[in-house]
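> Here it is, the structure in full.
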Amino acid sequence: MKIAIIGGGIAGLSAALALAGRGFEVEVFERHAAPTDIGAGIVCWPNASFVLQELGLLRSVAELSGRPARMRRVSRAGEELGALDIRKLDELMGYPSLSVLRKDLLSVLLSRVSEQGIRVQYGHVADRIEPSATGSATVHFASGATASADVILGAEGRMNSIARKFVHGDNRPRYQGFINWIGTFTSPRAVFSEIEVKDYWGVGARFGVVPVSDARAYWAGAAACPEIQGKAPADYHDELRALFRGWPSPIPQLIEETPAERINKIYVHDHDPIDTWHRDNVLLIGDAAHAALPTSGQGACQALEDAWHLADCLGGATSLGAAFTEFTQRRRGKNAAIVAGARNLARSLFATDPALCEERDRNSKSTDYEAMAHGMARGWGSGLPMSEDPAAA
């Protein structure tokens, strides 16, 4: 079976590796002219590490990653709002949580793709997908090239998926009313005494810091913004200084010492859940199928899960339709819940009413974080051969 994948990001490359491992012939078509450095970083939570282990990549990714011990919530004034024991979560799920720069994760995936002889064609911008009378669609690229295969996977992300338009009829993402400035920080000296995720909460604003080592981190400064405006990279530092002036250390240092070329400004969108992920021989995966807000912490993790499930479904299917149906049934409910949960958290984080934010912070301080770890283990491990019982993991 020949499989064409539109999109060479985490979803597309991990699917290529999982499918090639099952003996399928795979080719990837990427819109950019070369591998990109888009994005900042990722926490590969234990469900993602399970898939990396299945792909034979966990050790390589771990060598480039940090092992966060906890996730701390802190108020804009520096007050502790509670902490999740990430090591407990790792113990419950049986796999490690790893903080890694996105470019490093992609480099590991691309290296293995090359080793496996999987062809990645760059500079292929998908323009449209045309159906045929036989039920086998063809991808048309802006260059005039075409691609036909037994299976076409749409893994082009959330913003303009031609595959989602073909399958669903509407590929417009939903703006969720906030901006993320994301950046990667590197210092010549140690800055972080511990590898721990810190999430700072204010009124209508939030700043997250994720160390990868004692001198490297990725970060995201976010703020409510009702309407999409413009982007002027020359203004990013001034925008961030104005928003986060007086916030706790190391936020001012991260803003000042991150070069402008390592900062990106994103008007954050997601997608409403849909019931149907396939049409003819075209199937959606990754953000094209189930884009969640970054408040989910699960975007890349769910892309990796897609790869594992798809290879399992296609590898044992009696027909293409049966495989697509099983894959959708496995993935739809879990990802719809993740989308909803991420939206709920975003509404809380970017509330602009000080009274509501004070109540949110009080609730955070009274949260049972051990129970939260158990709930995360159950939710993120669902559908995978993982266990909340470490003895059975």
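The values are calculated or read from the model by the stated rules, or taken from the named source; none is laboratory data. All values reported here derive from a predicted model rather than from experimental measurement. Cβ coordinates were reconstructed from backbone atoms using ideal geometry, including for glycine residues, and neighbour counts include every protein chain displayed.
> Residue 184: among the polar types (S, T, N, Q), at pLDDT 95 or above and surrounded by fewer than 16 Cβ atoms within 10 Å (Cβ to Cβ), yes or no?
Numbers: among the polar types (S, T, N, Q): yes; at pLDDT 95 or above: yes; surrounded by fewer than 16 Cβ atoms within 10 Å (Cβ to Cβ): no.
So residue 184 fails the test.
> Determine which member of the set 323, 300, 337 is touching a residue at least 40 places away in the same chain (Cβ under 8 Å), crowded, with 20+ Cβ neighbours inside 10 Å and not in a loop (DSSP other than H, G, I, E, B). Explain how you work it out, then say what you get.
Values: 323 fails: touching a residue at least 40 places away in the same chain (Cβ under 8 Å); 337 fails: crowded, with 20+ Cβ neighbours inside 10 Å.
Within the list 323, 300, 337, the selection yields 300.
> Would you mind telling me which numbered condition in (1) under 30 Å from residue 262 (Cα atoms); (2) surrounded by fewer than 21 Cβ atoms within 10 Å (Cβ to Cβ); (3) among the aliphatic types (A, V, I, L, M) residue 145 fails?
Among (1) under 30 Å from residue 262 (Cα atoms); (2) surrounded by fewer than 21 Cβ atoms within 10 Å (Cβ to Cβ); (3) among the aliphatic types (A, V, I, L, M), the lone unmet condition for residue 145 is (1).
> Next question. Can you tell me how many residues within the stretch 139-160 are part of a loop (DSSP other than H, G, I, E, B) and closer than 17 Å to residue 27 by Cα? Before you say what the answer is, go through the steps one by one.
Step one: list which residues in the stretch 139-160 are part of a loop (DSSP other than H, G, I, E, B), which gives 142-145, 149-150, 155-160.
Cutting the leftovers down to closer than 17 Å to residue 27 by Cα gives us 145, 149-150, 155-156.
Count: 5.
> Does residue 391 satisfy being in a helix (DSSP H, G or I) and at pLDDT below 95?
Details: in a helix (DSSP H, G or I): yes; at pLDDT below 95: yes.
Yes; evaluated as a whole, the condition is true for this residue.
> Write out, first by first residue and then by second, each pair whose Cβ atoms fall under 7 Å of each other, whose residues are 6+ apart or on separate chains, and whose first residue, in the stretch 203-215, is over 13 Å from residue 193 (Cα atoms) and in a loop (DSSP other than H, G, I, E, B) while the second is small (Gly, Ala, Ser) and modelled with pLDDT of 95 or more.
Once the first residue is over 13 Å from residue 193 (Cα atoms) and in a loop (DSSP other than H, G, I, E, B) and sits in the stretch 203-215, its partners that are small (Gly, Ala, Ser) and modelled with pLDDT of 95 or more give 204/223; 204/224; 204/351.
> Picking from 227, 261, 256, which residue would you name as being surrounded by fewer than 16 Cβ atoms within 10 Å (Cβ to Cβ) and farther than 28 Å from residue 288 by Cα?
Numbers: 227 fails: farther than 28 Å from residue 288 by Cα; 261 fails: farther than 28 Å from residue 288 by Cα.
The match here is 256.
> So which residues in the stretch 10-39 are among the small types (Gly, Ala, Ser) and surrounded by fewer than 24 Cβ atoms within 10 Å (Cβ to Cβ)? Let's see the steps before the verdict.
Going residue by residue through the stretch 10-39, those that are among the small types (Gly, Ala, Ser) are 11-12, 14-16, 18, 20-21, 23, 33-34, 39.
Passing the criteria: 20, 21, 23, 33, 34, 39.
> Let me ask something additional. Starting from residues that are hydrophobic (A, V, I, L, M, F, W, C) and closer than 26 Å to residue 175 by Cβ, keep the ones in the stretch 356-384 and report whichever is surrounded by the fewest Cβ atoms within 10 Å (Cβ to Cβ).
Here is the first cut: in the stretch 356-384, the residues hydrophobic (A, V, I, L, M, F, W, C) are 356-357, 371-373, 376-377, 380, 384.
Narrowing the set further to residues that are closer than 26 Å to residue 175 by Cβ leaves 356-357.
Details: 356: 13, 357: 21.
Result: 356.
> Let me ask another. With the checklist (1) surrounded by 17 or more Cβ atoms within 10 Å (Cβ to Cβ); (2) of a type in the set (Gly, Ala, Ser); (3) over 17 Å from the mean Cα position of the chain (by Cα); (4) not in a strand (DSSP E or B) in hand, flag the one item residue 82 doesn't pass.
It is condition (4) that residue 82 fails.
> Moving on to the next point. Answer yes or no as to whether residue 119 is free of Cβ contacts under 8 Å to residues at least 40 places away in the same chain and in contact with a strand residue (DSSP E or B) (Cβ under 7 Å, 6 or more places away or on another chain). Steps first, please.
Values: free of Cβ contacts under 8 Å to residues at least 40 places away in the same chain: no; in contact with a strand residue (DSSP E or B) (Cβ under 7 Å, 6 or more places away or on another chain): yes.
In short, no.
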